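Novice: Following this message is one structure expressed as structure tokens.
Every read-out reported here was derived from the displayed coordinates using simple, explicitly stated rules and does not represent laboratory data. Since the model is a prediction, treat every value here as computed from it, not as a measurement. Here the Cβ positions follow ideal geometry from the backbone for every residue, glycine too, while neighbour counts run over all protein chains shown.
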Amino acid sequence: MATLPVYRWRLAPDGYATYRQLRALGLRPGGQGIAAQVERPRRRRGPLVAYLYRIDRAKPVRPMTPAKRAALAKANAARRVCPACRRDAGYVIPPSLGMCPACAFPDNAPEGASWNSSLHTAP
């Protein structure tokens with residue numbers, strides 16, 4: 001089992017790129033394995049590691065099809081709907097709460113924030 005070459009931060013040779021750098025170039029790893037890694041020293045919790053891929057082996061990003069675009073739009077719309085009150089919050093509901101803040105903290109909600117007589121009943 002071969003070990004990966006490890007480079008210091010900002011000292012990786014030309015021809016290697018991180019996943020984000022590949023995406024910025026319109027490329028994807030394309031099935032290749034991790035070619036190397038870069039370590040950025042930190043004072044606590046060990047070094048920060050970024051994996052590198054070979055640019056010459058990368059493939060072009062697959063184009064977005066209309067079906068994929070529709071599925072992505074539907075998934076993002078579902079993340080905006082509160083499961084408790086079924087309202088569109090206008091932003092992605094925080095996963096830590098699992099519902100809109102008005103439903104998660106009803107005592108702190110501004111007057112009329114989530115009260116809808118057809119959806120909620122008075123305590």
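Novice: Can you compute the FRET efficiency between ALA2 and ALA78 using 1/(1 + (r/R0)^6), with r the Cβ-Cβ distance and R0 = 41 Å? Round to the nearest 0.05.
Specialist: Once the sixth-power term is evaluated, E becomes 0.40.
Novice: Let me ask something else. Using mean Cβ contacts within 10 Å as the protection proxy, how do 25-34, 89-98 order, highest first?
Specialist: Result, highest mean first: 25-34, 89-98.
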